[in-house]
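Here's the structure we're looking at; comments come further down.
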Amino acid sequence: MTENKNQHLSLLYDISELSILVSDSKDIDTFLQQVVQSVASHLHAEVGSIYLLDDNTGELVLRATQGLNPASVGQIRMRIGEGLVGMTMDRMAPFCDGSACENPFYKYFENAHEESYKSFLSVPIGRGLEKIGVLVVQHSQPDYFEAADVMALRAIAAQLAGTVANARLMMGLQQTAQPVSTPALMQRLQFIRGEATASGFALAPAALLAPQDPLLADVPDDGFESTANAYQHALRATVDQLKELQEQLARRLPESAALIFEAHYMILKDPRFDRQIIDLIRQGQPAAAAVRQVARQFIALFNDSASPYIREKAHDIEDLARRILFNLRIEKGQGRSPIDKNIIIAAQLYPSDVLKLASETVAGIILVGGGVTSHVAIMARSLKIPMIIAQERELLQVPEGTQVLMDADIGNIYIDPSAQVRGQFEERNRLRLAATGGGIEMRPETFTRDGVRVHLLANINLLGELDLARTLKAEGVGLYRSEFPFIVRSVLPSEEEQRLVYARLFKQMAGCPVFVRTLDIGGDKVLPYLNLPQEANPELGLRSIRFLLKHRDVFDQQLRAILRAGAQAEQLGIMFPMISSLDEFEAAREAVVGTLATLQREGLSYHTSPAIGAMIEMPSIMTIIDELAAAADFFAIGTNDFIQYMLAVDRTNENVAAYYQPFHPSILRSLATIVERVGRYNKPISVCGEVAHDVAFIPFLVGIGVRRLSVDPQFLPLVQQTVAAIATQQAETFAKALLAASSLHQVQKVRAAWEKTFKPV
Ligand code: PEP
Ligand code: MG
């Protein structure tokens, strides 16, 4: 039906005009009505509708329509994943169907008068990780919309995203749910089962990460000091507090300390911020009102940016303004400090948020409704912040200060827990400490019961973990996940910045082997500042070594930084993640060889003979293992990914968690084959995925001949204890029995028999 491209362009122009209108308008409904009319008219559609996500109920609500029954506005509601609209939001991808009513996902709403519209086209409206709504056009003629319409509607949705999100912010639309009375809410939310993401326990008052009014609007103007002098005082106090937080953070997170409050300092240095506030105060505005006004201007400016990174920085302005306002209050003892010792409840979380939370003594994190990147999860784990993902959006309405108990080992959340629940919590906490080896004295070397040596190394994500690794006598770093210095920054770290980070790693582990994994980004480990195109299947996309081989400048810089930093390292290994073919391994190794030659030409000091290894994470390796074993110097089996790809189970998708089976016969047999084949070439091989610290799995690994395990440092005592309880011959018999089992059911029987006799702890 498309008449021409110009028409779509003129629609975009109209939408941008409308976007400007909304900032003047106090009425978002009028704005949305104008949008749907404009979209429907330009796409020659009979229906144009917009659904917005209600943050409180998690439902998509019809907010404006041209063509459907106007009485349905506010009445038609769908959960994410429900109906064609819900499915569009769930998949965050356009959906076009020429005979929508016949689609099995179609959801019929009485009185909406939509049955006669056969053609249906919808696109999601989203911004970064934030889901905002869905834009829909419909027509009675079957197969009406074309690819060009999909593109046009997508462009409109992208253009609208910022404005609609801002309008929701300005007009408080996030509070569209019927207000729920607090007792009823508390009754409903007494106990919630979520997904345990980073283990641990916490009992602390609740605090929202992005409170509904981050600018303390609930505190009346007369609750604040009002003079320019008081403002200057509050500003100085804020700067001092930020410095102190930064120093604390430097101890826990050396690779990122300077960066966390980077945006805060940048804003503080911007004369437009400070001067505007002072000017407004001089013109007679109370100090708090002036801070709020200027902060809101900056937030709107940042939110409008095309760059997701800049948009993320809007949070920093909120955070900064909130801190200044906090210091401006007359009653200094009142209210909570922005984050201190609370359980943070958040609807969205960026890696930088986790770092900020870690800089203060956050007790735990509950992430509501959102997905979580594995980096956020890994960071929470590395920083020992208990974290749970829960789907109940009403958690965002829990009054601040309510006591919350998190048992993040199993994903339980208790709101305002009874004394009895608290008692059980103490007991579980005690058992948990015992299970992770709390109080156990580590021996420098690890042996099985019959004296076979097993090497225990540490997986390191953040440099702050090295102390624990040393204290717990790790024999080296079996896996350094090098992507963390990349994800905590706003731009790619330079060679020098990387070199300094790696130098600390080698220095702290002096005398021990260190295996550095090259950048493993992509998939769900995203670097927003790279602005890479969205992929339909990111886990199968341009991630990991594929990304580095495509972006050789990034690869070369990282290799230079590793080799230079490790000049004095006794044993330096460089390993490549996600290797799927011999050719890929050779290409990556060639990159190292090339870098070594360049460094030599430049006369710089560097490590001249690094071991070069491959991670085994792809099923394709199974059939070329002999050739790869001959080619590489060492191997590390990344079982997390290996299981994901062997069994085609997204390791972060809760819906298919039951399919993620380390004890699947295919996994067991593949691991045994890999270890045996690599053994023939006498090349070192380690296991560094999560199963390496699983008490139930370790006997199998020992039984198939694994003699190197690399685990998160806190698990070292538990792993040592488990290995020490194993007699190799028995473990071999156990492994043989498992390898003979061809179904999960048979495996289960073998395990049950073994567990009767094996008592590791
Ligand atoms: C793995 O896949 O097992 C692994 C150790 O790497 P990561 O968890 O960082 O993907
Ligand atoms: Mg992996």
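The values are calculated or read from the model by the stated rules, or taken from the named source; none is laboratory data. Since this is a predicted model, take the numbers as computed values, not measurements. FYI the Cβ positions are ideal-geometry reconstructions off the backbone, even for glycines, and counts take in every protein chain you see.
In this structure, is TYR265 at pLDDT below 85 and in a helix (DSSP H, G or I)? The answer is yes for TYR265. Taken over the range 550-573, residues that are out of contact with any His (no Cβ under 9 Å at 6 or more places or on another chain) and either in a helix (DSSP H, G or I) or closer than 19 Å to TYR502 by Cα (or both) amount to 14. Only one of the listed residues (MET509, MET618) is aliphatic (A, V, I, L, M) and within 16 Å of ligand 1 (Cβ to nearest atom). That residue is MET618. The residue of the range 675-696 that is farthest from the chain's Cα centre (by Cα), among those that are more than 15 Å from ligand 2 (Cβ to nearest atom) and part of a helix (DSSP H, G or I), is ARG680. The condition of being of a type in the set (A, V, I, L, M), surrounded by fewer than 20 Cβ atoms within 10 Å (Cβ to Cβ) and modelled with pLDDT under 85 holds for ALA155.
Say we look at the range 589-615 and pick out the residues that are within 16 Å of ligand 1 (Cβ to nearest atom) and of a type in the set (A, V, I, L, M); which of these is farthest from ILE637 (Cα to Cα)?
Taking the candidates together, the pick is ALA614.
Is it true that some residue in the range 697-718 is among the β-branched types (Val, Ile, Thr), surrounded by fewer than 18 Cβ atoms within 10 Å (Cβ to Cβ) and away from ligand 2 (no atom under 16 Å from the Cβ)? Scanning the range 697-718, I find no residue that is among the β-branched types (Val, Ile, Thr), surrounded by fewer than 18 Cβ atoms within 10 Å (Cβ to Cβ) and away from ligand 2 (no atom under 16 Å from the Cβ), so the answer is no. Of the residues screened, ALA611 is not one that is within 21 Å of ARG677 (Cα to Cα), within 16 Å of ligand 2 (Cβ to nearest atom) and over 23 Å from the mean Cα position of the chain (by Cα). When you go through LEU215, LEU235 one by one, which is the residue that is within 27 Å of GLU331 (Cα to Cα) and modelled with pLDDT of 80 or more? When all the criteria are applied, what remains is LEU235.
Might you check whether a residue that is out of contact with any Pro (no Cβ under 7 Å at 6 or more places or on another chain), buried (at least 19 other Cβ atoms within 10 Å of the Cβ) and at pLDDT below 75 occurs anywhere in the range 184-200? Within the range 184-200, not a single residue is out of contact with any Pro (no Cβ under 7 Å at 6 or more places or on another chain), buried (at least 19 other Cβ atoms within 10 Å of the Cβ) and at pLDDT below 75. Among the residues making up the range 454-486, those that are more than 28 Å from ALA731 (Cα to Cα) and within 16 Å of ligand 1 (Cβ to nearest atom) are ILE460, ASN461, LEU462, GLU465, TYR480, ARG481, SER482, GLU483, PHE484, PRO485, PHE486. Pairs please, first residue from the range 506-531 and within 16 Å of ligand 2 (Cβ to nearest atom), second anywhere and part of a strand (DSSP E or B) and of a type in the set (Lys, Arg), Cβ atoms under 8 Å, 6+ apart in sequence or on different chains. These pairs meet every condition: ARG517/ARG481; ASP520/ARG481.
Annotation note: Cβ proximity below 6 Å between a residue of the range 74-90 that is polar (S, T, N, Q) and a residue that is at pLDDT 85 or above (sequence gap 6+ or interchain) occurs for THR88/PHE95; THR88/SER122; THR88/PRO124; THR88/VAL134.
Taken over the range 477-498, the criterion of being part of a helix (DSSP H, G or I) and surrounded by fewer than 21 Cβ atoms within 10 Å (Cβ to Cβ) is satisfied by GLU495, GLU496, GLU497. Of the residues contained in the range 743-758, none is found to be within 30 Å of LYS384 (Cα to Cα) and either among the aliphatic types (A, V, I, L, M) or in contact with a Lys or Arg (Cβ under 9 Å, 6 or more places away or on another chain) (or both). Checking each residue in the range 532-543 for being free of Cβ contacts under 8 Å to residues at least 60 places away in the same chain, out of contact with any helix residue (DSSP H, G or I) (no Cβ under 7 Å at 6 or more places or on another chain) and either over 25 Å from ILE643 (Cα atoms) or part of a loop (DSSP other than H, G, I, E, B) (or both) picks out LEU532, PRO533, GLN534, GLU535, ASN537, GLY541, ARG543. For the structure I just gave you, tell me whether GLY541 is farther than 30 Å from LYS473 by Cα and within 14 Å of ligand 1 (Cβ to nearest atom). The answer is no for GLY541. Of all residue pairs spaced 6 or more apart or on separate chains, those with beta-carbon atoms under 7 Å, a first member in the range 601-620 that is over 16 Å from GLY573 (Cβ atoms) and a second member that is at pLDDT 95 or above and of a type in the set (Val, Ile, Thr) are MET618/ILE579.
Identify all residues within the range 56-111 that are part of a loop (DSSP other than H, G, I, E, B) and among the acidic types (Asp, Glu); write none if there are none.
GLU82, GLU110
Scan the range 629-656 residue by residue and report those that are away from ligand 1 (no atom under 16 Å from the Cβ) and either assigned to a loop (DSSP other than H, G, I, E, B) or within 24 Å of GLY541 (Cα to Cα) (or both). Residues satisfying the conditions are ALA632, ASP633, GLU654, ASN655, VAL656. Are there strands (runs of 3 or more DSSP E) fully within the range 365-430 with at least 1 residues that are within 15 Å of ASP353 (Cα to Cα) and under 18 Å from the mean Cα position of the chain (by Cα)? List them. Per the criteria, 387-390.
Taking the stated definitions as given, is LEU628 out of contact with any Pro (no Cβ under 9 Å at 6 or more places or on another chain) and buried (at least 19 other Cβ atoms within 10 Å of the Cβ)? The answer is yes for LEU628. Looking at PHE663, PHE635, PHE642, just one residue is away from ligand 2 (no atom under 16 Å from the Cβ), surrounded by 18 or more Cβ atoms within 10 Å (Cβ to Cβ) and among the hydrophobic types (A, V, I, L, M, F, W, C), and that residue is PHE663.
In this entry, GLY476 is excluded by the filter for residues that are touching a Lys or Arg at 6+ places or on another chain (Cβ under 7 Å) and in contact (Cβ under 8 Å) with a residue 40 or more places away in the chain. Restricting ILE612, ILE621 to those that are under 21 Å from GLY541 (Cα atoms), modelled with pLDDT of 95 or more and buried (at least 18 other Cβ atoms within 10 Å of the Cβ) reduces the list to ILE621. Scoring VAL516 on the criteria (1) crowded, with 21+ Cβ neighbours inside 10 Å; (2) assigned to a helix (DSSP H, G or I); (3) among the hydrophobic types (A, V, I, L, M, F, W, C) leaves a single failure, condition (2). Considering (1) in a strand (DSSP E or B); (2) within 15 Å of ligand 1 (Cβ to nearest atom), the lone condition that PHE547 does not fulfil carries the number (1).
For ALA672, the stated conditions hold: it is within 24 Å of GLY478 (Cβ to Cβ) and crowded, with 20+ Cβ neighbours inside 10 Å. Restricting attention to the range 574-587 and to residues that are outside any loop (DSSP other than H, G, I, E, B) and within 16 Å of ligand 2 (Cβ to nearest atom), the residue that is surrounded by the most Cβ atoms within 10 Å (Cβ to Cβ) turns out to be MET575.
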